[in-house]
Structures are given as C-alpha cells and as structure tokens.
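Asks: Got a structure for you, written out below as structure tokens; questions coming shortly.
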Amino acid sequence: MSSGTVVIGLGNPLMGDDGLGIVVARQLLSRTDLPDGVQVVDGGTWGLNLLPVIEDAERVLLVDAIDTAEAPGTLIRLSRERLPRYLATKISPHQVDLRDVLALAELRGTLPDDTTAIGLQPQIVALGTALSPLIAGRMEELMSAVLDHLRAREPACTK
C-alpha cells in the first residue's frame with residue numbers, strides 16, 4: 001500500500017549545517033497547512049531503515065544540506081536523475097548512507113519516479129548543534145521551496 005508523498009529530513013544534527021534536513025522536518029511536523037497525504041519523517045541518519053519508507057511512497061522529497069560546491073546558502077534542487085545513487089565498498093556493515101539506499105531501491109525497481117531533493121549548500125559542517133547564521137537565515141526560503149514543491153504535486157480534487 002502506497003503512502004502518498006513522504007518528506008524525509010536528512011542529516012546529522014550534531015554536525016552544524018548537516019542537520020538542516022532535521023530542522024526542516026521538525027518545522028514541517030508542527031505545521032497544519034501541509035497538503036493531504038504528506039507524511040514527514042525525521043530520517044536523520046537512519047541509513048538502510050529508510051528503504052521501506054522510500055519504497056512504500058508514491059513521491060519522495062528529500063530535504064538535506066546538499067554539497068554541490070555552490071556558494072554557501074544556495075538553494076539546490078536535484079531531480080531523481082541527478083541524485084547520487086550507487087553501492088560502494090564499506091569499511092563497516094553499519095556504514096550505509098542515502099546513496100546506497102537509493103541504489104537499492106532503484107535496483108529493486110521501487111524508487112519512485114517522482115523523487116526529488118531540495119536543500120541548501122552548507123556553510124559549516126563541523127561538530128556543533130546549531131546551523132550557521134547564513135543557513136539559519138535562509139530557512140524561510142527553503143521552507144517556501146519545500147511547501148511550493150509539495151503543493152505543486154497535490155493530487156487534483158475529484159468530485
């Protein structure tokens with residue numbers, strides 16, 4: 001059974017701007033104006049545990065700090081085709097990241113066609129629990145982009 005649209009906030013809240021996706025997920029969970037059928041997941045560093053969440057969704061929106069070597073604070077959107085997904089050699093069986101999860105879902109034929117990532121280019125990824133002032137100052141723009149993306153994909157009402 002499909003779960004509609006899933007927004008997954010990703011990142012490590014102990015690594016500064018890398019915790020961006022978690023901050024967005026928490027803000028989304030407190031909103032009352034999300035479109036129907038949207039589930040928000042604090043994906044944190046779940047690794048392989050995200051596979052069934054992704055596979056059960058019709059649409060997936062990943063929210064994260066996204067490093068594409070742009071200027072810090074730049075709003076980044078990655079379509080499914082641009083998302084990095086591959087299986088890599090690990091030094092530990094516990095070392096599974098989102099690229100592996102996306103690769104597994106794709107290999108299994110269960111990665112939703114409508115999978116997108118939205119985030120900001122991080123400024124500081126270092127030990128710390130707060131977002132950098134630059135990234136914190138861009139949160140409103142990021143939240144607007146996430147909500148616009150979700151509303152643009154709302155199913156049409158039928159009577």
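Asks: For LEU98, are the conditions met, namely being surrounded by 14 or more Cβ atoms within 10 Å (Cβ to Cβ), closer than 22 Å to PRO13 by Cβ, modelled with pLDDT of 95 or more and among the aliphatic types (A, V, I, L, M)?
Replies: Here the answer is no, as LEU98 does not meet what is asked.
Asks: Could you check segment 25-80 and list, in sequence order, the residues that are under 21 Å from ASP100 (Cα atoms), polar (S, T, N, Q) and in contact (Cβ under 8 Å) with a residue 24 or more places away in the chain?
Replies: Result: THR45, THR68, SER79.
Asks: Here's something else I'd like to know. Looking at this structure, is VAL146 closer than 25 Å to PRO13 by Cβ, modelled with pLDDT under 95 and outside any strand (DSSP E or B)?
Replies: Considered against the rule, which asks whether it is closer than 25 Å to PRO13 by Cβ, modelled with pLDDT under 95 and outside any strand (DSSP E or B), VAL146 comes out as no.
Asks: I'd like to check something: does segment 14-27 contain any residue that is part of a strand (DSSP E or B), of a type in the set (Val, Ile, Thr) and modelled with pLDDT of 95 or more?
Replies: Looking through segment 14-27, none of the residues is part of a strand (DSSP E or B), of a type in the set (Val, Ile, Thr) and modelled with pLDDT of 95 or more.
Asks: Please work out which residue is farthest from PRO72 (Cα to Cα), limiting yourself to segment 104-142 and to residues that are touching a strand residue (DSSP E or B) at 6+ places or on another chain (Cβ under 7 Å), part of a loop (DSSP other than H, G, I, E, B) and hydrophobic (A, V, I, L, M, F, W, C).
Replies: LEU127
Asks: Return the pairs, sorted by first residue and then second, in which the second residue is among the hydroxyl-bearing types (Ser, Thr, Tyr) and assigned to a strand (DSSP E or B), the first residue lies in segment 108-128 and is in contact (Cβ under 8 Å) with a residue 12 or more places away in the chain, the beta carbons are less than 7 Å apart, and the residues are 6+ apart or on different chains.
Replies: THR116/SER79
Asks: Only one residue in THR74, THR68, THR89, THR5 is under 16 Å from ALA117 (Cβ atoms), modelled with pLDDT under 95 and among the β-branched types (Val, Ile, Thr). Which one?
Replies: THR68
Asks: So if I check each of ALA117, ALA126, which one is of a type outside the set (D, E, K, R) and in contact with a Leu (Cβ under 6 Å, 6 or more places away or on another chain)?
Replies: None of the others qualify; the one that does is ALA117.
The values are calculated or read from the model by the stated rules, or taken from the named source; none is laboratory data. Treat the numbers as computed from the prediction; the structure is a model and nothing was measured. Cβ: placed from backbone, ideal geometry, glycine included. Neighbour counts: every protein chain shown.
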